[in-house]
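In what follows, a single structure is set out as structure tokens and then discussed.
The values are calculated or read from the model by the stated rules, or taken from the named source; none is laboratory data. Remember, it's a predicted structure, so these values are computed and weren't measured experimentally. Here the Cβ positions follow ideal geometry from the backbone for every residue, glycine too, while neighbour counts run over all protein chains shown. Calculation scope for accessible area: heavy atoms of the full protein, side chains included, ligands and nucleic acids excluded. Shrake-Rupley method; radii C 1.70, N 1.55, O 1.52, S 1.80 Å.
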Amino acid sequence: MGLQDNGEGDGLSNISLVDRNKYHRMDGKLIQNDGDRPSAHLRCARKTNTKRFVIMCAIFASLNTILVGYDIGVMSGAILFIQEDLQITEVQVEVLVGCLSIMSLFGSLGGGKASDAIGRKWTMGFAAVVFQTGACIMAVAPSFFVLMVGRILAGIGIGFGVMIAPVYIAEISPISARGSLTSYPEIFVNFGILLGYVSNYAFSGLPVHYSWRVMLAVGIFPSVFIGFALFIIPESPRWLVMQNRIEDARAVMIKTNESETEVEERLAEIQKAAVTANLEIEDKAVWREMLNPNPSLRRMLITGMGIQLFQQITGIDATVCYGPTIFREAGIKDKTSLLAATVAIGFSKTIFILIAIFLIDRVGRKPLMYISTIGMTTCLFGLVISLCFSGHGTFGISIAILLVCSNVGFFLVGIGPICWVLTSEIFPLKYRAQAAALGAVANRVSSGFISMSFLSVARAITVAGTFFIFSVISALSVAFVHICVPETKGKSLEQIEVMFQKGQDFHIRELELADTEHLVQKE
């Protein structure tokens, strides 16, 4: 039986946090342990309760990204019905699909400042409200103009959501599980995409005028759970330290770390980072420093911005948003069959992101990035060959579906989730929210560029030619990972900052955790 944090009804409410660990239950009585260390029973109970609490926080913080994924996935199929119902052109299709990413950059830019002003969790709540408003407008839109208004609002909400969830989870997670927990938003994005694909298939039989509206309306329901989550999850302890609410930060960290010794060590590191960073400096000065960075910040920005760019310009959004177009090129003609084939992409994304969560804190970030980028390069090049030479028969269609799903799988094993993990890990507390926002802007702008140009480029140089360009860019991403991406597995956020300050040659020698222990002052 574990300790209850509020101390109600457990007989421990009048015992200090430190002294509580000297006791354990036996037949309803408090028995003092021999020595000052907590019993094995209490240590095990606390570890279990801590793990459950942190996982719950990560899940609730990631709910926003279900909405993001659902909108991306459902629009890939809904656009077929929207185009028929509202009689919009191919250029309008590109604008409608791509503007979501472009508009999200405004949300991401505003999200960094908002999260520093009102806190991480309430920024997530604001993101949900804005997104849901846009989703409601889209579901009832009578014209392309009104549909665009809803799409713009949804994009702004997405911008807030995609930058704040990984930051919050990284700041609340213990070191040993930070990588896997920070990947939770990517799990929920991909689960949302799968739900969007399934919704496309499920409602494709309705009359054209109603089918796409029902598809979009279904995505409104998760907002109920998001509202509930805001009253369950705590605020980020690092944001609380920024507000000089040290005791509140300690209370949160007691719930999210397995030992009180670790709590005090981490709290001392955070306080030191907050003082060193001079957190009371004005936001405009933070941006000024980021535009004219010192060498260590420049390395961080190159890594963070670069990995966000490569995540998108390798063409993943073209695959997700225009899956039916790709499969039509491969030889599938029936609309229902196109949507059914697209569901396979959704299942691939969901399965492989779960594999990534299992491996990211065991194998490490960089090895998975190598596997991911090399595998994507191979699949993209194979897809080019398949589209050019395999014909439109059953064999060619099967190979195309296999290669598209494999490309998605390799993306989700590495660069997909790790992109967000690294961006939330590598920046100092002073810059973290604003830099994460800048990284999200880079991600969304490049995503929007790909989404808004794919059909036009494919028409000009064929779908195969477009994916050949993606394969070349993917090959370049392998070199970028080798040169610019460090291994952050097993290091605290403060130790990662020290690693960049020392300017280690990442691709020759990775800085191990033991090497940084003496660089971080313990109090």
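For the stretch 142-241, please list each of the helices (runs of 4 or more DSSP H) lying entirely inside it that holds at least 1 residues being open to solvent by 20 Å² or more (accessible area, probe 1.4 Å) and farther than 26 Å from Leu359 by Cβ. In the stretch 142-241, the matching helices (runs of 4 or more DSSP H) lie at 144-172, 184-202, 208-218, 223-229. The residue that is surrounded by the fewest Cβ atoms within 10 Å (Cβ to Cβ), counting only those in the stretch 242-255 that are in contact with a helix residue (DSSP H, G or I) (Cβ under 7 Å, 6 or more places away or on another chain) and under 30 Å from Val130 (Cα atoms), is Asp248.
When the test is whether a residue is part of a helix (DSSP H, G or I), touching a residue at least 24 places away in the same chain (Cβ under 8 Å) and within 17 Å of the chain's Cα centre (by Cα), Met305 passes it.
For the stretch 305-319, does any single residue satisfy the condition of being open to solvent by 40 Å² or more (accessible area, probe 1.4 Å), within 30 Å of Ala437 (Cα to Cα) and charged (D, E, K, R)? Checked against the condition, which is being open to solvent by 40 Å² or more (accessible area, probe 1.4 Å), within 30 Å of Ala437 (Cα to Cα) and charged (D, E, K, R), the stretch 305-319 yields no hits at all. The residue of the stretch 67-100 that is most open to solvent (accessible area, probe 1.4 Å), among those that are more than 24 Å from Val408 (Cβ to Cβ) and of a type in the set (S, T, N, Q), is Gln87.
May I ask you to verify whether Ser424 is part of a helix (DSSP H, G or I) and either out of contact with any Pro (no Cβ under 8 Å at 6 or more places or on another chain) or of a type in the set (D, E, K, R) (or both)? For Ser424, the condition - part of a helix (DSSP H, G or I) and either out of contact with any Pro (no Cβ under 8 Å at 6 or more places or on another chain) or of a type in the set (D, E, K, R) (or both) - is not met.
When Ile450, Ile374, Ile418 are checked against the criterion of being in a helix (DSSP H, G or I), modelled with pLDDT of 85 or more and surrounded by fewer than 19 Cβ atoms within 10 Å (Cβ to Cβ), Ile374 stands alone in meeting it. A single member of Leu493, Leu455 is closer than 30 Å to Pro174 by Cβ, aliphatic (A, V, I, L, M) and modelled with pLDDT under 85, and it is Leu493.
For Thr350, indicate whether it is over 23 Å from Leu96 (Cα atoms), assigned to a helix (DSSP H, G or I), open to solvent by 20 Å² or more (accessible area, probe 1.4 Å) and not basic (Lys, Arg). In short, yes. The set of residues from the stretch 360-369 being surrounded by fewer than 17 Cβ atoms within 10 Å (Cβ to Cβ) and part of a helix (DSSP H, G or I) comprises just one member, Pro367.
The residue list Phe126, Phe106 contains one member that is among the aromatic types (Phe, Trp, Tyr), in contact with a helix residue (DSSP H, G or I) (Cβ under 7 Å, 6 or more places away or on another chain), in contact (Cβ under 8 Å) with a residue 40 or more places away in the chain and on the phi < 0 side of the Ramachandran plot, which is Phe106. Listed by first and then second residue, the pairs with beta-carbon distance under 6 Å, at least 6 apart or on different chains, first residue in the stretch 394-413 and farther than 20 Å from Gln312 by Cβ, second in a helix (DSSP H, G or I) and open to solvent by 50 Å² or more (accessible area, probe 1.4 Å), form an empty list. Residues considered: Val441, Val463, Val457. Of these, the only one that is surrounded by fewer than 18 Cβ atoms within 10 Å (Cβ to Cβ) and of a type outside the set (Lys, Arg) is Val457.
Of Ala356, Ala318, Ala340, all but one fail to be under 20 Å from Val208 (Cα atoms) and part of a helix (DSSP H, G or I); the exception is Ala340.
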